[in-house]
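Reviewing the structure listed below.
The values are calculated or read from the model by the stated rules, or taken from the named source; none is laboratory data. Treat the numbers as computed from the prediction; the structure is a model and nothing was measured. Every residue, glycine as well, gets a Cβ built from its backbone with ideal geometry; the counts of neighbours run over all protein chains shown. Keep in mind that these areas ignore ligands, DNA and RNA; they rest on the heavy atoms of the full protein, side chains included. Shrake-Rupley method; radii C 1.70, N 1.55, O 1.52, S 1.80 Å.
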Amino acid sequence: MTGQIPWVGKRSKEDFVRHYHANHGDELPIWVAVEVLDFGAISQLFSMLNVKDQAAIANRYGVSNWKVFKSWLFSLSYLRNLVAHHSRLWNRNITSKPMLPKQGEIAWCDAFISDEDTHFKPFLLFAITRMLVKSICPNTEWHNRLAGHLEQSPEQHSSKKLSLSGMGVTADWKDWW
């Protein structure tokens, strides 16, 4: 996407935005503007791109179907909002269910494809996040830290029997995580 977005960043207090405005004028180019957009706005911006560009971006992240990738961004925006508002994730049903690729296209997705109940649970969104973060930063340890938290199941903190299945964790998750 080329061009400039005049409505982004006018109220931003970010140093790099003020620097850009001081040195280059009011309109921010897209590569500067996306730095100050929230996740929901980025999801919407992606939706407004032409299909060829959506497909190119999806392919960059290892997803061959742009519609699947688009649904992932929308669902991750939903997850981000839950987390930002300190909402419960354990045993939550996700109302913004992400699409999944066809069987065999992305190996770790196959366990989710074969178990419909996991489509509505947060762990699928964590797995999507894992894939996207690892594609940007291959040496990240984020997913290992999350795995450590999941392995410390909250059973000891509750009178209710909670399990990893309540998060939608698949039986084979440690094999591909």
key: Given LYS102/LYS134; LYS13/LYS134; LYS70/LYS134; LYS13/LYS67; LYS97/LYS134; LYS13/LYS70, the pairs whose alpha carbons are separated by over 28 Å   = LYS13/LYS134; LYS13/LYS67; LYS13/LYS70
note = Ranking MET99, MET131 from most to least accessible area with a 1.4 Å probe gives MET99, MET131
inquiry  = Taking R0 as 41 Å, what FRET efficiency do you get between SER64 and ALA22 from their Cβ-Cβ distance, rounded to the nearest 0.05?
reply    = 0.45
inquiry  = At 1.4 Å probe size, with the rest of the protein present, what percent of the exposed accessible area of region 70-141 is carbon and sulfur atoms?
reply    = 56 percent
query = Averaged per residue, what accessible surface does region 91-154 expose to a 1.4 Å probe, in Å²?
reply = 51 Å²
remark   = Note to self, the chain gives a 222 nm [θ] from helices alone (DSSP H runs n ≥ 4, -39500 (n - 2.57) apiece, / all residues, nearest 500) of -14000 deg cm²/dmol
query = Going through region 73-177, which GluC sites (Glu not before Pro) have at most 15 other Cβ atoms within 10 Å and a DSSP loop state?
reply = GLU105, GLU141
key: Residues SER163 and GLU116, FRET efficiency given R0 of 22 Å [Cβ-Cβ distance, rounded to 0.05]   = 0.75
note = Between LEU28 and residues 5 or more places away or on another chain, the pairs with built amide H atoms under 5 Å apart involve ILE5, VAL8
inquiry  = Taking the full set of protein chains and a 1.4 angstrom probe, give the accessible area of TYR61 in square angstrom, rounded to the nearest 10.
reply    = 60 Å²
